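For reference, the structure is listed below as structure tokens.
The values are calculated or read from the model by the stated rules, or taken from the named source; none is laboratory data. These numbers come from a predicted model, not from an experiment. Every residue, glycine as well, gets a Cβ built from its backbone with ideal geometry; the counts of neighbours run over all protein chains shown.
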Amino acid sequence: MPTGSADGRALKLSELPDAVVGVLSRLTDAGHQAALVGGSLRDLLRGGPPGDWDIATSAPPEEVASLFPGATWENPFGTVTVRANPGPVSVEVTTFRVEAGYRDQRRPDEVRWGGSLEEDLSRRDFTINAIGWVPHDLGARQGLLVDPYGGAADLRDGVLRAVGDPSERFAEDALRLLRAVRFATRFGLELDAATEQALRRHAAAAAALSGERVRDEILRILGARQAAEPPSRAFQLMEGLGLLAVVLPELQALRGVPQAKARPGDALDHSLHTANALTPADPYLRLFGLLHDVGKATTLGDGHFIGHETEGAQVVETILRRLHVPRVEVARGRHLVRHHMFAYAPAWSDAAVRRFIRRVGASSLADLFALRRADDVASGVEEPQRGGLDELRARVGRELASSPLTAGQLVVRGDDLIRELGLRPGPVVGRLLGELMEAVLDDPAANDREALLALARASLARDPEGVPGGAGTHQARAAPHEPGP
Ligand code: ATP
Ligand code: MG
């Protein structure tokens, strides 16, 4: 069922999956208008596989929900998510809408539906995202392109252009500032001159965005799998537009911080190269790579950055909290940044390797090695100066497979100490377990019941009450050991 713009160019979408055709035809069979829109159409026009499917329709949300039993309806934006058959295709069906007023530059004050496809396209952000395809023969996958803003031509010519007056569009919703950077770098588009000017003019408005929205955009930039340009380009573009200083001022502060690395550039260049060298499959790890040296902005002193990993861990925690990153990822990022400066030398004893594992935690090793590799690539460090990372990885693997590394792997438990030594549960038991752990890290052969009990007895005889740090637990005992040759 065509809309008013029957003047569009005819276009056959042979790649349209049956599941999406099914959703479109159920809507049109019920007498509604329906069009493929947004990112899915854009991606099809580019010749790439769409990430998700968006359909706009004249049917009000209740009507859509009743046509597709089992669909979920997300208020207040009138988007109904339909699980289409044959699955597992998820299609978002959104009622044609007209937005009014954006007092807070974040969310429309009001969403009205009942408009036309043209009105619906007019409230979209960029011309490449404001194209519709209205089917006229679904069996043959034939339809008409409704493209009032020349999005198909912009896509072909490689131009990112705001729909309508760019300044108004960015003033309405500051998220579009970041979306512009994301689309431009994902598809390798040039910014249209007026759009670019408006981006600069409105950059400061990004400060009003919620942490969650900024986080999601940054993760989408870092997680783009087949992006035309690496993430460094996105952040350079943000810098040039004045956006980086607003959303990640801690990263912007690395501009001009000098570094003595084989690969030229300042600490910001190095950070961007580090992010590039990490996989988009783990966008958070890429974010941590991007931020791993933020401590350098404040710790520069005679060419060294003493304690930048400790300082950086604090700064990273602040940034991640501001972005409302889930707690486990905050902890992961802080921990990685805190420990990224380990300096392996082949002279390390096996005990030093075991202490290293204990200090950084077995579950962090893969992250830490991936970050170091990226850091090395970004620094222009090549074998053999790389410090034998492969060797350390191999030694770590051997120790993990063969040596007791945690209190849980000791053959003597707290209960044993209490029973055998006549102790009461409390901090002294923790202290003794910590000492036994240390002994076993030094020499795995010491993990023997009689030997460990003897050690515990001797320690108790020397100091019956003492607890490290006054209120020690074995965690407190285990922490301060730095590995070294
Ligand atoms: P992706 O492939 O990354 O999902 P997308 O273009 O589909 O890209 P979505 O965020 O899924 O992006 O949004 C779907 C469509 O909704 C967009 O193509 C655009 O037309 C419209 N849209 C989304 N967010 C905005 C916004 N903040 N302002 C205006 N239009 C928007
Ligand atoms: Mg999408």
Which residues, counting only those in region 127-177, are polar (S, T, N, Q) and either touching an Asp or Glu at 6+ places or on another chain (Cβ under 6 Å) or assigned to a helix (DSSP H, G or I) (or both)?
T127, N129, S167
Residues that are in contact with an Asp or Glu (Cβ under 7 Å, 6 or more places away or on another chain), at least 1 per element: which helices (runs of 4 or more DSSP H) completely within region 280-381 meet that?
283-291, 296-299, 308-322, 327-339, 350-360
Only one of F288, F305 is surrounded by fewer than 22 Cβ atoms within 10 Å (Cβ to Cβ) and hydrophobic (A, V, I, L, M, F, W, C), namely F305
Given the structure, is V360 out of contact with any Gly (no Cβ under 6 Å at 6 or more places or on another chain) and crowded, with 19+ Cβ neighbours inside 10 Å?
yes
Of the numbered conditions (1) of a type in the set (D, E); (2) under 23 Å from the mean Cα position of the chain (by Cα); (3) more than 12 Å from ligand 1 (Cβ to nearest atom); (4) part of a helix (DSSP H, G or I), E196 satisfies every one except a single condition; which is it?
(2)
So, A445, is that one assigned by TED's automatic domain parsing to the domain that holds A461, surrounded by 13 or more Cβ atoms within 10 Å (Cβ to Cβ), farther than 30 Å from P230 by Cβ and out of contact with any Pro (no Cβ under 7 Å at 6 or more places or on another chain) or not?
no
Taking region 21-58 and keeping residues within 16 Å of ligand 1 (Cβ to nearest atom), in a helix (DSSP H, G or I) and either without any contact (Cβ under 8 Å) to a residue 24 or more places away in the chain or in contact with a Leu (Cβ under 7 Å, 6 or more places away or on another chain) (or both) leaves S40, R42, D43, L44, L45, R46
Result of the Cβ filter at 9 Å on region 113-138, keeping first residues that are on the phi > 0 side of the Ramachandran plot and partners that are surrounded by fewer than 24 Cβ atoms within 10 Å (Cβ to Cβ) and part of a loop (DSSP other than H, G, I, E, B), at least 6 apart or interchain, is G114/S58; G114/P60
Count of region 268-279 residues which are in a loop (DSSP other than H, G, I, E, B) and closer than 22 Å to A343 by Cα:
2
